[in-house]
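Data first, discussion second: the structure below is written as structure tokens.
The values are calculated or read from the model by the stated rules, or taken from the named source; none is laboratory data. Just so it is clear, the model here is predicted, and its values are computed rather than measured. Note that we place each Cβ from the backbone using ideal geometry, even for glycine, and neighbour counts take in every protein chain shown. Accessible surface is based on the protein model in full, side chains and every heavy atom, while ligands, DNA and RNA are left aside. Shrake-Rupley method; radii C 1.70, N 1.55, O 1.52, S 1.80 Å.
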Amino acid sequence: MHFNVTHTTEYTYDAPVSYGHNIATLRPRKAMGQELLDYHIIISPEPSEITERIDFFGNFITRFSLQTEHKSLKVTTKSHIKRDYAQFQDSFFSGACKSITMNEALIALQSMELEILEAKQYILESIFVKKMDAGISEYAQKSFQGNRSVFDAAFELMQRIYTDFDFVPGFTSISTPIHEVMEQKKGVCQDFAQIAIACIRSVGLPAKYISGYIETLPPPGEEKLVGADASHAWFSIFIPGFGWVDFDPTNNQIPKDQHIVVGWGRDYYDVPPLKGVVYGSGQSKLKVAVDIVRIA
């Protein structure tokens, strides 16, 4: 499948901003079953400086500075992406993926092989997924048992989060602690991904945060609304001897071609779409719109 993705982020300020420094993680990366065919970023007002680099995790990072007075900032990206992820789905239910138990995985993770060492960094604490409390560990242990398949445990964890938590936009912010989301059983896709990651790390297994988009298909006979889609997030777990497998607890499914990867890291902090600092007074308003059009 081919998709055209337009992502627009707009800040408006009620007082002039003298200058601002920003970091964007908006350029979709190469991933399993995904290829970026074209990409453009348009920034208004035009930045005084702009550079691009690849970060520690292999994501594309754009840094830019605005050094003239302005009252708004608009960042628009346009991406043409080829997705052929569905071809790998049968392998997720194969013996190589499903046969590894948690006990076997924990032993395998003691290896010094490069693939294992790279995966183990996703067991460590991160900015938004810190030391796990008892509630997280207890929740995780209901699914992750020593002689149980890691895949089956992760699949069940995804299903339980989908069932136990309510999707409530605006109930949380990026700074809402995980324990509060656990207590209230409410949040959005970023929260659900980070709950799953915390659970998996609490039992000693690697898990990473995936940032991207998901195509929202309209009901039969209805037109797709422009801007109805938004940024999305899910999690991935490392199964030794097989590799990384993604799960989407918000939609209770293993990601398909409709899931478009932008980047990944330890949690949301590593791959926010746009972050920065500004010098000025007053308040700001944020507006975000994402439109995904399937073209083939």
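Worth pointing out:
- Per this entry, Phe60 is counted among residues that are within 24 Å of the chain's Cα centre (by Cα), modelled with pLDDT of 95 or more, open to solvent by 30 Å² or more (accessible area, probe 1.4 Å) and in the same structural domain as Tyr11 (by TED's automatic domain parsing).
- Qualifying residue in the range 67-79 (condition: under 27 Å from Lys256 (Cβ atoms), of a type in the set (Val, Ile, Thr) and over 17 Å from the mean Cα position of the chain (by Cα)): yes
- The set of residues in the range 259-284 that are within 17 Å of Ile43 (Cα to Cα) and among the charged types (D, E, K, R) contains only Lys275.
- Check on Leu217, surrounded by 24 or more Cβ atoms within 10 Å (Cβ to Cβ) and in a loop (DSSP other than H, G, I, E, B): no
- On the stretch given as the range 5-23, residues that are surrounded by 15 or more Cβ atoms within 10 Å (Cβ to Cβ) and of a type in the set (S, T, N, Q) total 4.
- Within the range 116-141, no residue that is at positive phi sits with its Cβ atom under 6 Å from a residue that is part of a helix (DSSP H, G or I) and aliphatic (A, V, I, L, M) at 6+ positions apart or across chains.
- Meets criteria (in contact (Cβ under 8 Å) with a residue 12 or more places away in the chain and either open to solvent by less than 70 Å² (accessible area, probe 1.4 Å) or in a strand (DSSP E or B) (or both)) for Arg53: no
- Selection status of Lys208, more than 19 Å from the chain's Cα centre (by Cα) and part of a strand (DSSP E or B): no
- Members of the range 115-145 found to be exposed (fewer than 11 other Cβ atoms within 10 Å of the Cβ) and over 24 Å from the mean Cα position of the chain (by Cα), listed by number: Ala134
- Restricted to helices (runs of 4 or more DSSP H) entirely inside the range 124-203, those with at least 2 residues that are within 20 Å of Lys98 (Cβ to Cβ) and hydrophobic (A, V, I, L, M, F, W, C) are 150-164, 189-202.
- Scanning the range 269-280 for residues that are of a type in the set (Phe, Trp, Tyr), in contact (Cβ under 8 Å) with a residue 40 or more places away in the chain, farther than 20 Å from Val168 by Cα and in a loop (DSSP other than H, G, I, E, B) turns up nothing.
- Taking (1) closer than 30 Å to Ser281 by Cβ; (2) at pLDDT 95 or above; (3) touching a Pro at 6+ places or on another chain (Cβ under 7 Å) in turn, Lys71 satisfies each apart from (2).
- Any hit, the range 77-90, residues being under 30 Å from Phe242 (Cα atoms), open to solvent by less than 20 Å² (accessible area, probe 1.4 Å) and outside any loop (DSSP other than H, G, I, E, B): yes
- Residue in the range 24-47 that is crowded, with 17+ Cβ neighbours inside 10 Å and hydroxyl-bearing (Ser, Thr, Tyr) present: yes
- For the range 146-174, a residue qualifies if it is open to solvent by less than 70 Å² (accessible area, probe 1.4 Å), of a type in the set (S, T, N, Q) and more than 20 Å from the chain's Cα centre (by Cα), and exactly one does: Ser149.
- Residue in the range 274-295 that is open to solvent by less than 30 Å² (accessible area, probe 1.4 Å), of a type outside the set (S, T, N, Q) and within 18 Å of Asn59 (Cα to Cα) present: yes
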